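Accompanying notes for the structure given below.
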Amino acid sequence: QVQLVESGGGLVQAGGSLRLPCAASGIFININTMGWYRQVPGKQRELVADITSVGSTNYADSVKGRFTVSRDNAKKMVYLQMNSLKPEDTAVYYCNAGVLTYIGGIFRSADYWGQGTQVTVSS
C-alpha cells in the first residue's frame, strides 16, 4: 500500500521558521498532486499549499509569501518551508498525495494522508 510519513514539526517562536518533509513509499504507478493541509481542534481541515507533478503550486491566501511548497519526484518527497510563522499557524499539519495504483488488474486513483505532525507557534 501507499504510506506518507511527515516529520519536522515542533515548537517555534513567532517569526521563526520550520521545514516539514513528507516521504511517500509503497507500490504505485505515479504521484499526482502532493500537498499540505492543516487542522485545529473544532475546525475543518484546510489546504495550506499543494504542488502538481510538473511543479505548479497553489497556496492559501493566509500563507502566501511566507510558505513555500516544493517536491522531489525522484525521492518521492514533498516539503513545506514555513517562514515568518505566526501563532495562528499553530495546527496539526498533514501531508496529502493523489496516487495512482495498479492492484489486481485495476487502476485506482486515491488520496492518501500522513499521520500528521504538530506545529506550535508561540507568541
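The values are calculated or read from the model by the stated rules, or taken from the named source; none is laboratory data. Computed from a predicted model, the values in this text were never measured in an experiment. All Cβ positions, even for glycine, are placed from backbone atoms using ideal geometry, and neighbour counts span all protein chains on display. In case anyone asks, the SASA skips ligands and DNA or RNA and just uses the protein heavy atoms, side chains included. Shrake-Rupley method; radii C 1.70, N 1.55, O 1.52, S 1.80 Å.
Annotations for the structure displayed:
- Residues in the stretch 34-44 that are open to solvent by 50 Å² or more (accessible area, probe 1.4 Å) and under 25 Å from Thr101 (Cα atoms): Tyr37 alone.
- Checking each residue in the stretch 1-24 for being within 30 Å of Ile106 (Cα to Cα) and either among the aromatic types (Phe, Trp, Tyr) or open to solvent by less than 50 Å² (accessible area, probe 1.4 Å) (or both) picks out Val2, Leu4, Glu6, Cys22, Ala23, Ala24.
- Looking across the stretch 51-90, the residues that are touching a Lys or Arg at 6+ places or on another chain (Cβ under 8 Å) and on the phi > 0 side of the Ramachandran plot come down to Gly55, Ser84.
- Selected residue [surrounded by fewer than 17 Cβ atoms within 10 Å (Cβ to Cβ) and touching a strand residue (DSSP E or B) at 6+ places or on another chain (Cβ under 7 Å)] from Ser53, Ser84, Ser123, Ser62: Ser53
- Residue that is surrounded by the fewest Cβ atoms within 10 Å (Cβ to Cβ), among those in the stretch 88-120 that are of a type in the set (A, V, I, L, M, F, W, C) and over 25 Å from Asp61 (Cα atoms): Ile106
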